[in-house]
Amino acid sequence: MIALGQDEIAKYPFLADAGQYLKDKGFTLEQFGTDPDLKQLVEKAFNRIEVAADGKIYQSDLIADQASNQAALPREVFSFLLAIVLLKLSGMTTLIKRFALAEARRAEKYLEKDLANISDESKKQLAIKIIDDLFSIQVKKQDDFFVIPVSDYLTHSINFHEREWKLINRHVENGLVFLSPHETVRLIRKELGTYINSKIINAKAPPMISSFEEPVNKLIILSKKFSTYTVTTGEYPPCIKHAIKILEKGENLPHSGRFMLATFLLSKGQSIEQISPLFKNAPDYNERVTLYQLNHLAGTSGSGTHYSCPSCEKLKTQSLCFAIPECANIINPLQFGKKRS
Amino acid sequence: MQENDIKFLEDSFKKYYFEHFDLIHVPNRTFEREFGFQKFNSGMTRHISIKDDKELHLLLMRNIPSDVYCSNGYYSFPNLPMNEKGWKEADLIFDIDAKDLNLECRKNHTISKCNECNEISISNINCAKCNSTKLEKKSLPCKNCIDASKYEVSKLSKILIEDLGVQPNDIHVYFSGNEGFHVYVYNSQFQKIGSRERSELTDYIMFHGAIPETFGMKKFKPNRSSFPDFQEKGWGGRFSKEVYESKSKRSKIISELIINGYSSFQKTLENLSNKIGAKIDPNVTMDIHRIFRLPGSLNSKSGLTKIFCHDITKFDPYTEASFLHENSVEIIVSCPTKFKLKNRTFGPYFDEKVSVPTYAAVYMICKKLATLS
């Protein structure tokens, strides 16, 4: 693990071993429930979660990357660790997710600053090391840019849906992608969130302490705010309509198009018997082959793998996408017409 | 296909395999590869392990396959079902096919065979005889098709080397045995990336999904100085060459681009993908479990060999990939267009009985245009 100084633990508290940290500082969890001075920290922890749940980034006491005073430093770390304790006790995964993402964005700001730091080489090296250790991305400095191998870029950028993150919209040279400090760090935001999330999920839940009951109950109430339900219009997306039209006309729909159509309809709950007649008009229709392939996709034969409908991105690549304004903000045809409320 | 045609093709293929073991080798890391084959008029047999050249040659002699395949992927257990194989990595592969290049010449040598009445005619939407729309398209590629495919290979190689850092000697180009080329990339940083990442890589190579901002154009107050220039590496430089044409025109064209506005710029980019993007089949590259035609094996769509191209610029598939015998065979053939094999021109034939060398007979029977007389 990376060796961290005091102020670095405050910036990246998720890198510390929580139990060990408390022990090193000479505290037990119970003390936080009873000691009036320490109780404040529980409130601070609750506040840290509340801010995160609201989609905002917790404003820390760190000023210009340094603690304003020596006492502020452990407070920063304690409030993070206590927040995890409260979240574990509440068991609310939606809150844990939101908290992890907010904490990732908070750390992202520090990482970005450290990367861009010209005066302190050690800070930059630490940021580069964190990125390498946690996410196996080898970042190197080249002129004013940070460069990473194209393959590393792809494994991370693939989760972004904004077009500016497509490789084609990046400066690529000699197997490397050129990024600004901001972009380098932005690239790992989601993984940083996932990393913090998994650290919290894998942490052991401590036994309940009576004075934690109140904030934990408040968290449970808070999490209810984030439950959603969805309404569907039931209309097919344009890619599916287009595929059906092609088949109705007796024209050839490429294999990838047939795959999309079949997996889409299977996911919508249609049976193989309902779907197979759609392919009757295809120039190379063969009933036996069609049934075999549909069974294969549904996972009722072969390896048992249930195939899912390709993403919009993939369909674009395969020239099967015919997006209309209603397609905005969806990443898979199955989401078409669904409205969250 | 009729029994005696299949028998003839099998005999010809068997003879080829027997006489040309020197051309057919297992790829390296053989134990980690999945092999597969197809027989004439039969389904695919796959999930096979092969240990060396000898075992491969034995399989060819025993089964006389119409097509032989080998995975670009490496597995822990290549002979187990797909989800138990234990995928490790895969060579990067590309398929460039003349049929995907929208070439003008295609209409002159694409033949339709009606699935209902077997009528053969030059490409049409409906059968000339029975009006059915169930047509099977057969193409007899010409020199232009091959030259255009070669051009795409050279575009692809440039992007691989200059942008993606691939070493030139890690790029191996093969004639596919029918209408295009297969390109393999070995030992690259991309060996371990998955299907979605490869799909993203294909968009890069095909110049798909570019946004105006990448090339300096903004919705509001675009800045002249942020437009690309000739000396830039990667797409910036290629954009410059194609859009500005010459250094002297650069300034004038940037002014035009700015006047025409953002959405017109987006259209320009979309049109550019056809010109500067390499036209590869994205489905092949993104497939990490594919079994891909084995180099040295015959392609049952033509009877030609999938063969390594030492020098692609000089390579002529219709002399260098045709290895079957000269012995004359009598066939009945409908082939309304000419084609060239081993420097000899054949056709057009209109439902007639002709005597042609074995390699030409196999070619036409494989294309389902002929049958033994």
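FYI, it's all coordinate maths here, none of it is from the lab. Source: prediction; values computed, not measured. Here the Cβ positions follow ideal geometry from the backbone for every residue, glycine too, while neighbour counts run over all protein chains shown.
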- Which parts of the range B:234-251 would a label at residue A:164 reach, counting a residue when its backbone N lies under 11 Å from a point 7 Å out along Cα-to-Cβ? none
- Quote the charge dipole size of the range A:16-139 about the Cα centre in Debye, to the nearest 20; the model charges only the Cβ of Lys and Arg (+1) and of Asp and Glu (-1). 300
- Message: Quick check for me: using +1 on Lys/Arg Cβ and -1 on Asp/Glu Cβ, what's the dipole size of chain A about its Cα centre, in debye to the nearest 20?
- Response: 1020
- Task: Please give the net charge around residue B:77, taking every other residue with its beta carbon less than 12 angstrom from that of residue B:77, where Lys and Arg add +1 and Asp and Glu add -1.
- Result: 0
- Message: Can you order the peptides A:91-97, B:49-55 by their average number of other Cβ atoms within 10 Å per residue, highest first?
- Response: A:91-97, B:49-55
- Message: Averaged over its residues, how many other protein chain Cβ atoms are within 10 Å of peptide B:155-164's Cβ atoms?
- Response: 3
- Task: Let me have the relative contact order for the range A:138-187, percent, based on Cα pairs under 8 Å that are six or more residues apart.
- Result: 43
- Message: What are the ³J(HN,Hα) couplings of the range A:178-194, residue after residue, when phi is run through the Karplus curve with 6.51, -1.76, 1.60 and θ = phi - 60°? Round to Hz, x for glycine and proline.
- Response: 9, 9, 7, x, 4, 5, 4, 6, 4, 4, 9, 3, 5, 5, 5, x, 5
- Message: In Å and on Cα atoms, what radius of gyration and Dmax does the range A:111-226 show?
- Response: 18.9, 60
- Positive-pole candidate from B:164, B:101, B:193, dipole of the range B:96-204, charges at beta carbon: B:101
- Message: Helix B:235-244 against the longest principal axis of chain B: what's the angle in degrees, Cα atoms only, rounded to the nearest 10?
- Response: 80
- Taking only Cα atoms and a 10 Å spring cutoff, compute GNM fluctuations for chain B and point out the largest among B:174, B:262, B:69. B:262
- Would you mind ranking B:253, A:137 by Cβ crowding within 10 Å, fewest neighbours first? B:253, A:137
- Task: Set the Förster radius R0 to 25 Å, insert the Cβ-Cβ distance between residue A:220 and residue A:37 as r into 1/(1 + (r/R0)^6), and round the FRET efficiency to 0.05.
- Result: 0.40
- Quick one: which residues, 5+ away or cross-chain, put their amide H under 5 Å from the amide H of residue B:111? H built at 1.01 Å from N. B:123, B:138, B:139, B:140
- Item | 5 angstrom amide H check on residue B:47, placed H, neighbours 5+ away | B:35
- Query: Magnitude of the Cβ-charge dipole of chain B, K/R +1 and D/E -1, about the Cα centre, nearest 20 debye?
  - Reply: 960
- Note on the structure: Any residue on another chain or 5+ positions along whose placed amide H is under 5 Å from the amide H of residue A:176 is listed here as A:150
- Item | ³J(HN,Hα) computed for each position of the range A:131-142 - Karplus, 6.51 cos²θ - 1.76 cosθ + 1.60, integer Hz, glycine/proline x | 5, 6, 5, 7, 10, 6, 10, 8, 8, 10, 8, 9
- Query: What list of ³J(HN,Hα) values in whole Hz, one per residue of the range A:157-165 in order, does the Karplus curve 6.51 cos²θ - 1.76 cosθ + 1.60 (θ = phi - 60°) give from phi, with Gly and Pro shown as x?
  - Reply: 6, 4, 8, 8, 9, 6, 5, 4, 8
- Query: Given A:237, A:274, A:286, which one lies farthest toward the positive end of the charge dipole of the range A:182-323, if we put +1 on the Cβ of every Lys and Arg and -1 on the Cβ of every Asp and Glu?
  - Reply: A:237
- Task: Evaluate E = 1/(1 + (r/R0)^6) for residue B:14 and residue B:275, where r is the Cβ-Cβ distance and R0 equals 56 Å; express this FRET efficiency to the nearest 0.05.
- Result: 0.80
- Task: Answer rounded, prolate or oblate for chain B, using the Cα gyration tensor with square roots of eigenvalues a ≥ b ≥ c: rounded when a/c is under 1.5, else prolate when a/b is larger than b/c, else oblate.
- Result: oblate
- Can you give the angle from 0 to 90° between the axis of helix B:143-158 and the longest principal axis of chain B, with both taken from C-alpha atoms, to the nearest 10? 50
- Task: Please give the average number of partner chain Cβ atoms lying within 10 Å of the Cβ of each residue in A:157-167, rounded to a whole number.
- Result: 3
- From the cross-link list B:150/B:368; A:44/A:166; B:107/B:233; A:245/B:158, the entries with a Cα-Cα span beyond 29 Å are A:44/A:166; B:107/B:233; A:245/B:158
- With the charge dipole of the range A:238-340 built from beta-carbon charges (+1 for Lys and Arg, -1 for Asp and Glu) about the Cα centre, the Cα from A:332, A:255, A:302 projecting farthest to the positive end belongs to A:332
- For the range A:238-340, shape from the Cα gyration tensor axes a ≥ b ≥ c, cut at a/c of 1.5 then a/b versus b/c, turns out oblate
- Item | In degrees, nearest ten, helix A:238-248 long axis to first principal axis of chain A (Cα) | 20
